[in-house]
Amino acid sequence: MMDGFLNIYKPSGISSFDAVNIVLKEILGGKKSEKRVKIGHAGTLDPMAEGVLVLAVNRATKLISYVQKQKKSYVATFQLGVESDSEDTETELRPLANPPIPTRAEMEAIFPPFLGEILQRPPQYSAIKIQGKRAYKLARQGKETELPLRKITIHHLEILRCEYPTLELSIQCGSGTYVRSLGRDLARKLGTGAVMSALTRTAVGLFRQEDALEIQPNSSARPLLRNHCLESLRPMLDAFPDARKIVYNAENQRKLVCGIPVPWPESVDWHPSERVVALDSTGAFLAVVHATSQGLRSDVHVANG
């Protein structure tokens, strides 16, 4: 059974759901399979965006939330002096009257307040649910909504190109960040507007653009991906690049997967809020464990599927 992650390069013009279906079809070889393959993505990309899309296959689907929490890197292009309802070029653009033309120095001067943990208001055109309905569906019906502020983290901001009205930024951020809304807020701080015209996700944690497997939306031009997928499958351990890891013997492995607490290793200091990765005797991912008063208990395991 294939278990692990695939680092896919999603082209612009297709949805993340489409990308999943392309890969799923190729993994199955275009034929019915006796055993169903589970597959899901760890963080969506809008159809206009391209770049790294991490797919979890079979037992790795249990670990999607851990990949989603990893830092993400983007190259985003904005057009200054205009606005739109969707905050990108997918809806009608509204040029501003006599907008200011900020210099590179003026732009860089406003970056510090946007670094670290900040509050961001998501765009109206988003998949966030409001009373059971997607915000973008309400927006398309002409129903204005103001989504609540949410905490996000911006780790890095850098200007790559500044040729008015085009602004290209390198951005590293945490989960839940809307890059187009970041551009909106930066522009407002400068007294103008902005829409996102292009977006490339260059990395999600350990999954980087240069290692991504390219797919094509046109099936007739698409190479057979099955062998490439098998060769490119990444281990489940890649979901935990920074976590502490410890190897357990066979007896404690059985206890962990059954939800039975195991003793704390005497040589390791444990903290109640810390999640640690448990490995089996071969060094493969076994479970995520946390400390309790009775010992170490599994949060999520994949050993028995």
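The values are calculated or read from the model by the stated rules, or taken from the named source; none is laboratory data. Remember, predicted model here, so these are calculated numbers, not experimental data. No Cβ is skipped: glycine too gets one built from the backbone with ideal geometry, and neighbour counts run over all protein chains shown. The protein model used for the area step is the full one, side chains on, heavy atoms only, and it has no ligands, DNA or RNA in it. Shrake-Rupley method; radii C 1.70, N 1.55, O 1.52, S 1.80 Å.
From the backbone phi of region 36-45, what are the Karplus-calculated ³J(HN,Hα) couplings (6.51 cos²θ - 1.76 cosθ + 1.60, θ = phi - 60°) in whole Hz, Gly and Pro given as x?
5, 8, 8, 8, x, 10, 9, x, 6, 10
Find how many whole Å separate the alpha carbon centroid of region 276-300 from the alpha carbon centroid of region 141-182.
36 Å
Which FRET efficiency, nearest 0.05, do residue 175 and residue 232 yield, Cβ-Cβ r, R0 25 Å?
0.55
Tell me the accessible surface of residue 257 in square angstrom (1.4 angstrom probe, heavy atoms of protein chains only), to the nearest ten.
Surface open to solvent at residue 257 totals about 30 Å².
Hey, rough spin-label estimate for residue 216 and residue 24, points 7 angstrom out along Cα→Cβ, what's it come to in nanometres?
2.3 nm
For region 77-166, give the magnitude of the charge dipole about the Cα centre (Cβ charges: +1 Lys/Arg, -1 Asp/Glu; no others), in debye to the nearest 20.
That gives a dipole near 580 debye.
Given the pairs 62/255; 25/129; 62/151, which span a C-alpha to C-alpha distance of over 27 angstrom in this model?
Cα-Cα > 27 Å for 25/129; rest within.
Would you please give the FRET efficiency between residue 109 and residue 44, computed as 1/(1 + (r/R0)^6) with r the Cβ-Cβ distance and R0 = 35 Å, to the nearest 0.05?
Here the calculated transfer efficiency is 0.60.
Express in Å², to the nearest 10, the accessible area of residue 184 obtained by rolling a 1.4 Å probe over the protein heavy atoms while all chains stay in place.
Counting only protein heavy atoms, the figure is 20 Å².
Using a 1.4 Å probe and ignoring any ligands, DNA or RNA, find the accessible area of residue 185 and quote it in Å² to the nearest 10.
40 Å²
Assign one of three labels to region 1-116, namely rounded, prolate or oblate, based on the Cα gyration tensor with a ≥ b ≥ c the square roots of its eigenvalues; rounded applies when a/c is under 1.5, prolate when it is not and a/b is larger than b/c, and oblate otherwise.
prolate
What's the extension gain from residue 243 to residue 145 if we count 0.36 nm per residue and subtract their Cα-Cα distance?
Residue separation times 0.36 nm, minus the Cα-Cα distance, leaves 31.4 nm.
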